[in-house]
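Encoded as structure tokens, the structure appears first; notes follow it.
The values are calculated or read from the model by the stated rules, or taken from the named source; none is laboratory data. Note that the structure is a prediction, hence the values are computed from the model and not measured. Note: ideal-geometry Cβ built from the backbone for every residue, glycine included; neighbour counts use all protein chains shown.
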Amino acid sequence: MSYETVIGLEIHAELSTATKMYCGCPTSFGSEPNMHCCPICLAMPGTLPVLNKKAVEYAIKAGLAMNCSITDMGKQDRKNYFYPDLPKAYQISQLDTPICVNGYIDITPGGKTKRIRINRIHIEEDAGKLLHDAAGSSTLVDYNRGGTPLIEIVTEPDISSSEEARLFLESVKAILQYIEVSDCKMEQGSLRCDVNISVRKKGENKLGTRTEMKNINSFKAAVRAIDFESNRHIEEIEYGGKLIQETRRWDDAKGESFSMRGKEEAQDYRYFPDPDLVYIAVSDEMIAQIKNSLPELPAARKERYIGEYNLTPYDAEQITNSKHLADFFEECISCGATPKTVCNWLIGDIAKTLNEKNAEPADIPFSPAQLSKLIELIEKGTISNTAGKKVLSEMFEKARNPEEIVKELGLVQISDESALLRIITEVVSANPKSVEDYKAGKDKAIGYLIGQAMRATKGQGNPQIIAKLLKDELDKNI
Amino acid sequence: MNYYDLTAHEIHELLVKKEVTSVEVTNSVIERAEKTEPYIESYLERTFECAVNTARKVDEKIAKGEDISPLEGVPAALKDNLCTKGVKTTCASKMLENFVPCYDAFVVKKIKEQNSPVLGKLNMDEFAMGSSTETSYFKTTKNPYDINKVPGGSSGGCAAAVCAGSAVYALGSDTGGSIRQPASFCGVVGLKPTYGLVSRFGCVAFASSLDQIGPITRDVTDCANVLNSIVAHDELDSTSLDIPKVDYTKALTGDIRGMKIGIAADYIQDGINEDVKKAFLSAAETFKALGAQVGEYTMKAAKYALPAYYIISGAEASSNLARFDGIRYGYRSKKYEDLTELYKNTRSEGFGAEVKRRILVGTYALSAGYYDAYYKKAQKIRTVIINDFNEQFEKFDFIITPTTLSTAFSIGEKIENPLEMYLNDLCTVSVNIAGLPAISIPCGFDSGGMPIGLHIIGKALSEETILRAAYAFEQNTRFNKKRAIVKNKEGREI
Amino acid sequence: MKITSQDVEYVANLARLKIHDDEKDKLIADIESIIEFADVLSEVDTENIEPTYHAIKAQNVLREDIVTNNYDRDELLSNAPSKQDGCFEVPKVVE
Ligand SMILES: [Mg+2]
Ligand SMILES: [Zn+2]
């Protein structure tokens, strides 16, 4: 029996505003507990919220970048529940008038375009953090993060696999970074996602029982969680188990999802419009103005790279999915490097190194000019391609000019024909057997001789020139 | 002459003429408080020393020949739901028994800027929920006209203190009548401004869409002066109106000729005390005699205002009071093993019966399945009430009702029956629901000598109109001149 | 609307309030009488009437995104019933 998986995502992205949603506290990450707090974000009696203008603009910007319509008269609602990380015992969110509605993002799984519809994007405030003191009998509460502006992006259940989910998440991240409204650092929790998942037999119309998974903190975890959970659903169905609609917690270390039922009992959030806040009215002028401020978005940039630089759609997407990478790419080109070559470096060795280091394109320590220089050194034959890879790894360790590294490591390629000819003559006279083989028609022998010549130059000989000179030398003696 | 009996503007005149010092006035009020407090119990926290220091500063200013503003050097007190930096703010609840804010409410800042010596914090119904000040966790304030009777509520401490002479004026809050009803019971002036006119920042929220801070004073002139000092746009309150500044004392002309007045026919039918009715009708005659045109009106939705009010205020309160969870501030139960117990025991022990009742009703009105029938329905009724008022204000410049249908009742008389207590707000709640300004001024006394209040309602932002009407009435009746004679249980003046 | 003991327990749990047996009957009766009092609202035809959440119409009250925090942590923690290492302390929460 074959099944299909139906997935919807709820993505929370922290907006990169300077201050919190409703007070003037800074949003900076990673300081001592409760240093970025004030009576307002600690919900002290009598304090009131005032909405951050930039958060509204950022949310609209995100909506426009994701092809949404903007709500002209929105309100903010209270979602009431008790939890120590929620100081007011309600979260200010939006229930029925999300600031953005009906958008979409196109992804290209397996090279085919698929549209993932976005149901809504609304603004809300983040909660604080609970610190679980392993030894003690208590939990400590840090409200530094409490009140940080978030957008919640809710998709329609249009996603059918973990791969599509990954592509969608990467797209969302790319868009948010392009429009500079979120830094999208999953490991710092600035991009988080909840997964709604159900499976049904192929061809069936009715949706299966849905579960929601929380606590997914990386794209990899999202993929793993979806694969695990859809398998769990299928097994339950196949073996007659009973699936229940519930919220589950993804434990990435264990690679399993767990029921959270105990905690989730009595979910009755008693939403109502927050009387401390007024309507958010968005005018056509405001929308037009924000629309005009939008930069070129990943999808458009990808198309341009295909047309302008002749990149394959796959390569273009790899580059444009990161604004930083794409900017880097374009700067290399304006330094005179060949687009295709730059692209190969970026999505080849550079991507591989970043991956090994668990780093982002923004963490590339050297400049586009330095990479361009490296490419130039290789193209001019000053160093070999192999030496180039060595230089790159040095540049990752300590950003320096590639010429310097080449000099330091003595990687300059010997292209001087007379010097190389001297070596070749020596190699030829030292290996009469191979010369004989070559003359007898065994073409393989020339490879061995080239290798001997390269070794004699300590790897610095230009292999193309060596090959040519050697062939000339051998052919001369026939 | 007893300085503590004077109005703020009378004190101001004496200060300017250097016939008295602010320290003398402040001390006079403090002495009066020391004498009456054992009987009246209006104060929860006294900051007398601090008040005298402020008074001294004002006196130095006067001595240097500097000008002073109308409230400078005039001792005041604050309802205990207004946050005061470094001074306990309890909302008369066990929940906040030891809570010391690190910030001032916007209005407190304004009063301090005026150099008004602040004498302390005044008793109230717990979290402003009540009409008698009996739901206070700490004490029951008595009516200075008769200590066996309630001062009204929830700003009962404010009205009692101003009435007894233990504060010249006070700032209270009004969610459904909490300034006007006690003002009426204690024979003083109480104004509930248009919603948004006075910043709510630092006023511990009861029902955010209804709460409004306002003055409780001894006459209309003081009311206008206090209003002048607390009205300003505040960037920390999203509902604070940003409108041009008005000098409310300019409205006190005494002339109301040609003004059109609507008389609420609904409220003078059933359940009204005969003395109150008489005083009210005679007030209407006074206005007529002053050259106003008087007409009757009925409001279709009048009878729905009270139930709508209890749903809306309860719903908002259930959410506003959720933050009292024993984690960041306030009371925490000693008995808990886990988080749920911490929450439940803290809140059950920290809140009094009335507060819990309202939280439960409000939670019910918002809960799954009941939201539309109660909360949303009440907010629709709100629209109907606003439309009703709009209709009246096309015909009338202002409308009048009795502030309450009876005078102050006895302590203990209604506390066991919440619904009967709620009826106290009958004439006042629709004003909060519609966000309108209204004032209660003394308009007579019942046969037992207890004060009666006249309630004047204007359209949004027509404070000048209702102050003008109130002033004209006051100048021609002088009920405000009467001072309560505080007597002990044996009936002897203290 | 008839209010049952379960109704009151349900909302009491939502509101994190504990109801003691000795107060339960009176509480149910009180709440029932208040809700009954509110049931009169159903008389009014509000079919085509929009709810009003704010008495005063206002929109777009927004603050500039500028840091204005100037509070001291010790001051902010000074009212906490239980604190540790600059944090508010609660009983162990199992997630
Ligand atoms: Mg959310
Ligand atoms: Zn803050």
Here are the criteria: (1) among the hydrophobic types (A, V, I, L, M, F, W, C); (2) in a loop (DSSP other than H, G, I, E, B); (3) under 22 Å from the mean Cα position of the chain (by Cα). Tell me which single one C:Ala29 does not satisfy. (2)
So, in the stretch C:1-16, of the ones that are at the interface with chain B (Cβ under 7 Å from one of its Cβ atoms) and part of a loop (DSSP other than H, G, I, E, B), which residue ends up surrounded by the most Cβ atoms within 10 Å (Cβ to Cβ)? C:Ala15
The stretch A:409-460, residues that are without any contact (Cβ under 8 Å) to a residue 12 or more places away in the chain and touching a Phe, Trp or Tyr at 6+ places or on another chain (Cβ under 9 Å): A:Asp437, A:Lys444, A:Ala445
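Hey, which of the strands (runs of 3 or more DSSP E) in the stretch A:85-193, taking only ones fully inside, have at least 3 residues that are buried (at least 23 other Cβ atoms within 10 Å of the Cβ) and within 16 Å of ligand 1 (Cβ to nearest atom)?
Numbers: elements: A:90-93, A:100-107, A:114-125, A:129-132, A:138-142, A:149-155.
Those strands (runs of 3 or more DSSP E) span A:114-125, A:149-155.
In the stretch A:11-21, what residues are touching a residue at least 60 places away in the same chain (Cβ under 8 Å) and away from ligand 1 (no atom under 16 Å from the Cβ)? It would help to see each step written out before you state the result.
The first filter runs over the stretch A:11-21 and keeps only residues touching a residue at least 60 places away in the same chain (Cβ under 8 Å), leaving A:11-17, A:20-21.
Of everything in the stretch A:11-21, those that are touching a residue at least 60 places away in the same chain (Cβ under 8 Å) and away from ligand 1 (no atom under 16 Å from the Cβ) turn out to be A:Ser16, A:Thr17, A:Lys20.
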How do the helices (runs of 4 or more DSSP H) wholly within the stretch A:205-317 filter down when requiring 1 or more residues that are of a type in the set (Phe, Trp, Tyr) and surrounded by 12 or more Cβ atoms within 10 Å (Cβ to Cβ): which remain? A:219-238, A:298-309
Which of the following residues is on the phi < 0 side of the Ramachandran plot and within 16 Å of ligand 2 (Cβ to nearest atom): A:Thr155, A:Thr148? A:Thr148
With respect to B:Ile359, is the statement that it is within 30 Å of B:Leu96 (Cα to Cα), at the interface with another protein chain (Cβ under 7 Å from one of its Cβ atoms) and not in a helix (DSSP H, G or I) true? no
Looking at the stretch A:54-65, is at least one residue more than 12 Å from ligand 2 (Cβ to nearest atom) and part of a loop (DSSP other than H, G, I, E, B)? no
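Out of C:Asp39, C:Asp45, C:Asp65, C:Asp74, report the one residue that is assigned to a loop (DSSP other than H, G, I, E, B) and more than 7 Å from every other protein chain (Cβ to nearest Cβ).
Numbers: C:Asp39 fails: assigned to a loop (DSSP other than H, G, I, E, B); C:Asp65 fails: more than 7 Å from every other protein chain (Cβ to nearest Cβ); C:Asp74 fails: assigned to a loop (DSSP other than H, G, I, E, B).
Testing whether each residue is assigned to a loop (DSSP other than H, G, I, E, B) and more than 7 Å from every other protein chain (Cβ to nearest Cβ) leaves just C:Asp45.
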Residue pairs, Cβ under 8 Å, 6 or more apart or interchain, first in the stretch A:150-171 and away from chain C (no Cβ under 14 Å), second more than 16 Å from ligand 2 (Cβ to nearest atom) and part of a loop (DSSP other than H, G, I, E, B). List them. A:Ile151/A:Val181; A:Ile151/A:Ser182; A:Ile153/A:Met66; A:Pro157/A:Leu207; A:Leu167/A:Thr108; A:Glu170/A:Asn321; A:Ser171/A:Asn321
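Within the stretch B:385-413, restricting attention to residues that are among the β-branched types (Val, Ile, Thr) and buried (at least 22 other Cβ atoms within 10 Å of the Cβ), which residue is nearest to C:Phe37 (Cα to Cα)?
Applying the first criterion (among the β-branched types (Val, Ile, Thr)) to the stretch B:385-413 yields B:385-386, B:399-401, B:403-404, B:407, B:411.
Then drop every residue that is not buried (at least 22 other Cβ atoms within 10 Å of the Cβ), which leaves B:385, B:399-401, B:403-404, B:407.
Working: B:Ile385: 18, B:Ile399: 27, B:Ile400: 26, B:Thr401: 23, B:Thr403: 22, B:Thr404: 20, B:Thr407: 24 Å.
Going through the qualifying residues, I end up with B:Ile385.
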Go through the stretch A:3-24 residue by residue and tally those that are more than 16 Å from ligand 2 (Cβ to nearest atom) and either buried (at least 21 other Cβ atoms within 10 Å of the Cβ) or assigned to a loop (DSSP other than H, G, I, E, B) (or both). 7
Please work out if A:Tyr81 is aromatic (Phe, Trp, Tyr) and more than 16 Å from ligand 2 (Cβ to nearest atom). yes
Looking at (1) farther than 16 Å from B:Ser178 by Cα; (2) in contact (Cβ under 8 Å) with a residue 40 or more places away in the chain, which is the only condition B:Leu423 fails? (1)
A:Glu4 - would you say it is charged (D, E, K, R), within 16 Å of ligand 1 (Cβ to nearest atom), more than 14 Å from chain C (Cβ to nearest Cβ) and in contact with a strand residue (DSSP E or B) (Cβ under 7 Å, 6 or more places away or on another chain)? no
Can you name every residue in the stretch B:285-340 that is within 14 Å of chain A (Cβ to nearest Cβ), of a type outside the set (Asp, Glu) and part of a loop (DSSP other than H, G, I, E, B)? B:Phe324, B:Gly326, B:Ile327, B:Arg328, B:Tyr329, B:Gly330, B:Tyr331, B:Arg332, B:Tyr336
Can you pull out every residue in the stretch B:1-28 that is touching a residue at least 40 places away in the same chain (Cβ under 8 Å), buried (at least 18 other Cβ atoms within 10 Å of the Cβ) and within 18 Å of B:Lys481 (Cα to Cα)? B:Tyr4, B:Leu6, B:Thr7, B:Ala8, B:His9, B:Ile11, B:His12
Checking C:Glu50 against (1) surrounded by fewer than 19 Cβ atoms within 10 Å (Cβ to Cβ); (2) among the acidic types (Asp, Glu); (3) closer than 26 Å to A:Pro275 by Cβ; (4) more than 7 Å from chain B (Cβ to nearest Cβ), which single condition isn't satisfied? (4)
Would the stretch B:150-168 turn up any residue that is of a type outside the set (A, V, I, L, M, F, W, C), within 23 Å of B:Arg328 (Cα to Cα), touching a residue at least 40 places away in the same chain (Cβ under 8 Å) and buried (at least 24 other Cβ atoms within 10 Å of the Cβ)? no
For the stretch C:17-35, check the following and say yes or no: at least one residue is facing chain B (nearest Cβ under 9 Å) and at positive phi. no
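Within the stretch B:383-391, identify whether any single residue is over 30 Å from B:Lys288 (Cβ atoms), within 11 Å of another protein chain (Cβ to nearest Cβ), in contact (Cβ under 8 Å) with a residue 40 or more places away in the chain and assigned to a helix (DSSP H, G or I), and answer yes or no. Reasoning before the result, please.
Within the stretch B:383-391, the subset over 30 Å from B:Lys288 (Cβ atoms) is B:383-384.
From the residues that got through so far, the ones that are within 11 Å of another protein chain (Cβ to nearest Cβ) too are B:383-384.
Among the residues that remain, those that are also in contact (Cβ under 8 Å) with a residue 40 or more places away in the chain are: B:384.
Narrowing the set further to residues that are assigned to a helix (DSSP H, G or I) leaves B:384.
Looking for residues that are over 30 Å from B:Lys288 (Cβ atoms), within 11 Å of another protein chain (Cβ to nearest Cβ), in contact (Cβ under 8 Å) with a residue 40 or more places away in the chain and assigned to a helix (DSSP H, G or I), one finds at least one in the stretch B:383-391, hence yes.
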Is there a residue being in contact with a strand residue (DSSP E or B) (Cβ under 7 Å, 6 or more places away or on another chain), of a type in the set (S, T, N, Q), at pLDDT 95 or above and under 25 Å from B:Ile311 (Cα atoms) anywhere in the stretch B:164-183? yes
Scanning the stretch A:66-84 for residues that are in a loop (DSSP other than H, G, I, E, B), among the hydrophobic types (A, V, I, L, M, F, W, C) and within 11 Å of chain C (Cβ to nearest Cβ) gives A:Phe82
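Just one of A:Ile375, A:Ile424 is farther than 29 Å from A:Asn344 by Cβ and at pLDDT 85 or above; which is it?
Step by step, each of A:Ile375, A:Ile424 is checked, and only A:Ile424 is farther than 29 Å from A:Asn344 by Cβ and at pLDDT 85 or above.
Checking the conditions here, which among A:Ala43, A:Ala55 is facing another protein chain (nearest Cβ under 9 Å) and within 16 Å of ligand 1 (Cβ to nearest atom)?
A:Ala55
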Among the residues of the stretch B:115-122, are any in contact (Cβ under 8 Å) with a residue 40 or more places away in the chain and surrounded by fewer than 24 Cβ atoms within 10 Å (Cβ to Cβ)? yes
